[in-house]
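A.B. asks: This is the structure I want to talk about, given as structure tokens.
The values are calculated or read from the model by the stated rules, or taken from the named source; none is laboratory data. Everything quoted here is computed from the prediction, not taken from an experiment. Cβ coordinates were reconstructed from backbone atoms using ideal geometry, including for glycine residues, and neighbour counts include every protein chain displayed. Calculation scope for accessible area: heavy atoms of the full protein, side chains included, ligands and nucleic acids excluded. Shrake-Rupley method; radii C 1.70, N 1.55, O 1.52, S 1.80 Å.
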Amino acid sequence: MVDSNLSTGMAALDRVFRGLLPGDNLVWQVDAIEDFAPFVGPYCEAARRAGRPLVYFRFASHPPLVPPGAGVTVCELSSSVGFEMFITQIRRVIREAGRGAFCVFDCLSTLAEQWYSDRMLGNFFMLTCPYVYDLESLAYFPLLRHAHSFQATTPIARTTQIFLDVYRHHGALYLQPSKVEHRYSPTMYMLHAWDGDRFVPVTDSSTTAEILTSLPWAGLDSMRFRLGSWNRMFHKADQVWETLQRGEPTGDDPAVLLRTLMQMAFTRDERLLSMAEKYLTLGDVLAIWKRMIGTGLIGGKSVGMLLARAILTKTHPRWNRLLEAHDSFFIGSDVFYSFLVENGCWWVRQKQHDRRAYLDDIEEARRRMITGTFPDNIVKEFAEMLDYFGQSPIIVRSSSLLEDNYGNAFAGKYESVFCANQGSHQKRLEDFVAAVKTIYASTMSEKALRYRAQRGLLDHDEQMPLLVQRVSGSLHGNLFLPQMAGVGLSVNPYVWNKCIDPAAGMVRLVFGLGTRAVDRSDDDYTRVVALNAPQRRPETDIDEVRQYSQHRVDVIDLDANQLVSCKFSEVVERAPDLPLQVFASQDREMSLRAAEYGLPSSSAWVLTFEHLLGQTPFVEDMREMLSTLHEAYDYPVDLEFTANFFARDRYRVNLVQCRPLQVVAGTAAAELPAGLAPEDIVLQARGAVVGRSRVNTIDRVVYVTPSVYSQLTIQDRYSVARLIGKLVHCPEVPRPHAVPPPQIMLIGPGRWGTTTPSLGVPVSFAEIDTVAVLCEIVAMREDLVPDVSLGTHFFSDLVECDMLYLALFPVRKGNHWNHEFFEAAPNRLGELMPDAARWAEAIRVIDFPGPHAPEAAFRLAANSIEQEAVCYLERAPQCPDRAAQVAAAPFSPWLT
């Protein structure tokens, strides 16, 4: 029903529309903002007469449309805060204005220019217009004609209630509605002349044709070929680059153009922009554009890979020969936002700004994302990309805006999906689209959101571009794999011997796909190499080398059309053409045993990487690569790579990822206390201490009793893991003087964070991210040793949180475990969580100081250089307060 209180302020115009309805959004398409301005004054006056709130959203550089004065709320906005925050602010102001408010927006075309994206302008309108409609308010939106592609105009025209064009001809203004929802008249969609206080339909064809033909028109193909702000800018840059390549002068400053394009597609982080301007050319950025699907930013992982490659090749030409060429594609960030908007997932994003509700409804959002659809034009671009790759295996990788940035690694928080890329074209396309939606849905996972909450990033603009890469490697029978993959750190945070130089860096090597290098594999081991002492191993004899070598290999099975894990011996049999001697050594004892028992000769090979490390330039190349990137970043780096040999000592490296490393190895060591009474030492570990050296006072120990835990069912072990997650996030932790955060120590059997409950406690890292010290008692199985997982996502989480890792070997010399102390101390579990009292035998919560040691502090001293740690009771006549203890403790920070 038409509301008499709702008006354009011009009675004749109201009659053209047959009145305004609550919730009407009016889009005015004009050639100049001056042609829209005459309609704003009467509209504002109508709001004042009706006693309605009037809100003006000011974000453009053109002259103000609404003068300041009584009754108007001016909301000053900047699009630089990011799309998500920008629209959140607008929705908040509209909501606070209340139902029935009158709103005026600056020219929407400004937003497309500032975001460099017509698609994001369309998304903005699709989110704002329904909000105005739901609150039964009114809104005016001016839009420049012929300035946008269909990616903006189509969603705007489809979503708004009223869409009209305003024309100027011989100084007079004309308007022509093209959409008026739920209203109709015989003359509504005619051209109307503004004549005094009337809008008169132009009924004769001669006048109509004269006016419309005097104005520029893009033609029938405009919906397909009209360039938006994004492509206009890149086409201009392409022409400038071609002119420069011919050696001809250009009227545009290439440096200004380069920075503009980088802010559009590469990054808006000033630190990375400065580096990119030093190492990338205008041609490099244009090459990205020509391999982009959609518009927007390419994200942190893509930026890191491209920037690292540019740094190396600009530093020394030999890297052009050593690096494997890449032919990656990039799915822009705007595609992700459009997918959320068009599939009804945006409302969940809004909840994520509230720390009290950020996990609400995430399963519903994930369901909508997995079942969502893409527009036809995007699916067509996906198909064209797959035509390019043919049937080569590819990997679709997350590349969010915050990912792999300074200060935030997001290691393992988002999915990456291998596509074997086999079968019919339609099957390959379906598999690829499913992979994209899987990664999009991972942005709504609990572990990703908890990570963002922990690091104060819930309010940050987090978009999900994607990096699509050809999988490096070659085909062996039906198995596709690289010969080698790994992780490299320019600073080695794990120093298990005094001869190891942390500044020389380290690599973690695997045979086959790099999934086993970056994801913690509970069923296997990798080769950790200190680059200044590559032959030195943590293992002490051939039996340990054999036992703790890699036994399983991740490969892509083209027949199965998926990633699979195979025994190394099986891969050797199925791929006899591999240069095995580069990576593996023959075990004489196993060779004799194989011959004696008729076993295949493949079982006599052990993955030691001895020839690679001692007889090829690989170690020196990796040291130079890491140090070059470290120097360029002026910060330690963490990279992922693959390598393939073409002759015994000739190989190429595929650098697939580079990011700032979140930690720096400490140079100072905490001094361990001397002369401790034996009865005061409750735990002593030697041989696996990872983290910065420190002396801490522990407030709470959460202890999982090994003898009880080992008897639990698998289901009960998962229950214990969930309960521990609640305990370490429990706000009631003793904190004398409320100075530093409470120091919590977890002690338990086997591996924390395992995916195999028989090997340890299956907590997720998000469940234990408040812990200061993590101790693994090597007591689950006799053959289980700790795997510190250097370079893995678990390790990245551990060091980002500045968490100390200890491994306790109860039967090994130099280790001590007073389990009677932990199992006899008063247990606060039932007091803290009465519903969990039945787990009191399996989980013990011990607070310090407590009735078991009322005058003692529980102290931890760890020296990562010496690989020693001790926990002891400090009995003093008067325990110093926490602040004094922390201030007095030796401290050698890793975090810069």
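A.B. asks: Per DSSP helix of 4 or more residues, -39500 (n - 2.57); summed, then divided by the residues of the chain. What does that give at 222 nm, rounded to the nearest 500?
C.D. replies: -9500 deg cm²/dmol
A.B. asks: Taking the Cα centre of the stretch 77-181 as origin, work out the dipole magnitude from +1 charges on Lys and Arg Cβ and -1 charges on Asp and Glu Cβ, in debye rounded to 20.
C.D. replies: 80 debye
A.B. asks: Using a 1.4 angstrom probe with every protein chain in place, what is the largest-first accessible-area order of 681, 777?
C.D. replies: The ranking, largest first, comes out as 681, 777.
A.B. asks: List the extent of the Cα atoms of the stretch 319-473 along each of their three principal axes, largest first, rounded to whole Å.
C.D. replies: Between the extreme Cα coordinates on each principal axis of the stretch 319-473 lie 48, 38, 21 Å.
A.B. asks: Heavy-atom accessible area of residue 150 with all protein chains present, probe 1.4 Å, nearest 10 Å²?
C.D. replies: Surface open to solvent at residue 150 totals about 70 Å².
A.B. asks: With θ taken as phi - 60° and the coefficients 6.51, -1.76 and 1.60, list the Karplus ³J(HN,Hα) couplings across the stretch 207-215 in order, rounded to whole Hz; mark glycine and proline as x.
C.D. replies: Using θ = phi - 60°, the values come out as 5, 4, 4, 4, 5, 6, 6, 7, 9 Hz.
A.B. asks: Out of 138, 83, 110, whose Cα points farthest toward the positive end of the dipole of the stretch 56-138 (charges: +1 Lys, Arg; -1 Asp, Glu; placed on Cβ)?
C.D. replies: 138
A.B. asks: Grab the other residues whose beta carbon is less than 11 angstrom from that of residue 167, score K and R as +1, D and E as -1, and report the net.
C.D. replies: Summing Lys and Arg as +1 and Asp and Glu as -1 gives -1.
A.B. asks: Given a Förster radius of 41 Å and the C-beta distance between residue 326 and residue 252 as r, what FRET efficiency does 1/(1 + (r/R0)^6) yield to the nearest 0.05?
C.D. replies: Calculated value: 0.90.
A.B. asks: Quick check: the angle from helix 83-97's long axis to the longest principal axis of the chain, C-alpha only, nearest 10 degrees?
C.D. replies: 60 degrees
A.B. asks: Related question: Of 347, 698, 365, whose Cα points farthest to the positive end of the dipole of the chain (charges on the beta-carbon: +1 Lys, Arg; -1 Asp, Glu; origin at the Cα centre)?
C.D. replies: After comparing all options, I get 347.
A.B. asks: To continue, here is another question. So how tilted is helix 229-245 from the main axis of the chain? Cα-based, degrees 0 to 90, rounded to 10.
C.D. replies: The angle comes out near 70 degrees.
A.B. asks: Another question, if that's okay. Please report the spacing between the Cα centers of the stretch 801-820 and the stretch 412-434 in Å, no decimals.
C.D. replies: 44 Å
A.B. asks: Identify all lysines with a Cα-Cα distance to residue 278 below 27 Å; exclude those on the same chain that are fewer than 8 residues away in sequence.
C.D. replies: 236, 290, 301, 314
A.B. asks: Grab the eigenvalues of the alpha-carbon gyration tensor for the chain, scale each by 5, take roots, and send me the semi-axes largest first in whole angstrom.
C.D. replies: For the chain, the semi-axes come out at 59, 35, 24 Å.
A.B. asks: How big is the gap, in Å, between the Cα center of the stretch 11-40 and the Cα center of the stretch 252-325?
C.D. replies: The stretch 11-40 and the stretch 252-325 have Cα centres spaced 44 Å from each other.
A.B. asks: Among 525, 713, 211, which residue has its Cα positioned farthest towards the positive end of the charge dipole of the chain, with +1 placed on the Cβ of Lys and Arg, -1 on the Cβ of Asp and Glu, and the dipole taken about the Cα centre?
C.D. replies: My answer, from the dipole projection, is 211.
A.B. asks: Short version: ³J(HN,Hα) in whole Hz for each residue of the stretch 170-179, in order, from phi by Karplus 6.51 cos²θ - 1.76 cosθ + 1.60 (θ = phi - 60°), x for Gly and Pro, what are they?
C.D. replies: Computed from phi, the couplings for the stretch 170-179 are 6, x, 9, 9, 10, 9, 9, x, 10, 8 Hz.
A.B. asks: Moving to a separate point now. Over the heavy atoms of residue 395, what accessible area does a 1.4 Å probe trace out, to the nearest 10 Å²?
C.D. replies: Approximately 20 Å² of residue 395 is accessible to the 1.4 Å probe.
A.B. asks: So which lysines can residue 427 reach, going by Cα to Cα under 24 Å and dropping same-chain residues fewer than 8 places off?
C.D. replies: 380, 437
A.B. asks: Placing +1 at every Lys and Arg Cβ and -1 at every Asp and Glu Cβ, with all other atoms neutral, what dipole size does the chain have around its Cα centre, in debye to the nearest 20?
C.D. replies: Rounded to the nearest 20 debye, it is 560 debye.
A.B. asks: So, one more: Give the accessible surface of the stretch 81-194 per residue, rounded to a whole number of Å², with probe radius 1.4 Å and ligands, DNA and RNA excluded.
C.D. replies: Value for the stretch 81-194: 32 Å² per residue.
A.B. asks: Once fully extended, how much extra length lies between residue 634 and residue 577, figured as 0.36 nm per residue of separation less the alpha-carbon to alpha-carbon distance?
C.D. replies: 16.3 nm
A.B. asks: I'd like to compare 469-479, 558-568: which one has the highest average count of other Cβ atoms within 10 Å, and what's the full order after that?
C.D. replies: 469-479, 558-568
A.B. asks: Ignoring ligands, DNA and RNA, what accessible area per residue does the stretch 275-399 give at 1.4 Å, in Å²?
C.D. replies: 37 Å²
A.B. asks: What angle, in degrees between 0 and 90 and rounded to the nearest 10, separates the Cα long axis of helix 150-159 from the longest principal axis of the Cα atoms of the chain?
C.D. replies: 70 degrees
A.B. asks: Note the full-extension length gain between residue 197 and residue 169 as 0.36 nm times their separation in residues minus their Cα-Cα distance, in nm to one decimal.
C.D. replies: That works out to 8.3 nm of additional length.
A.B. asks: When the Kirkwood radius is taken over all Cα pairs of the stretch 1-42, what Stokes-Einstein diffusion coefficient follows at 20 °C and 1.002 mPa s, in µm²/s?
C.D. replies: 190 µm²/s
A.B. asks: In µm²/s, what is D for the stretch 273-348 at 25 °C and 0.890 mPa s, where D = kT/(6 pi eta Rh) by Stokes-Einstein and Rh is the Kirkwood radius from Cα pairs?
C.D. replies: Estimated via Stokes-Einstein, D reaches 174 µm²/s.
A.B. asks: Over the stretch 1-48, average the accessible area per residue using a 1.4 Å probe and give it in Å², no decimals.
C.D. replies: Here the residues of the stretch 1-48 average 35 Å² of exposed surface.
A.B. asks: So, one more: Return the FRET efficiency for the residue pair residue 446, residue 560: r is the Cβ-Cβ distance, R0 is 25 Å, and the value is rounded to the nearest 0.05.
C.D. replies: 0.25
A.B. asks: Still on this structure: In terms of modelled amide H atoms, which long-range or inter-chain residues lie less than 5 Å from the amide H of residue 169?
C.D. replies: 174
A.B. asks: Report in % the part of the accessible area of the chain that belongs to carbon and sulfur, leaving out ligands and nucleic acids; probe 1.4 Å.
C.D. replies: 52 percent
A.B. asks: Taking the mean number of other Cβ atoms within 10 Å as a proxy for protection, how do you rank 275-281, 712-718, 751-757, 574-580 from highest to lowest?
C.D. replies: Top to bottom by mean Cβ count within 10 Å: 751-757, 275-281, 574-580, 712-718.
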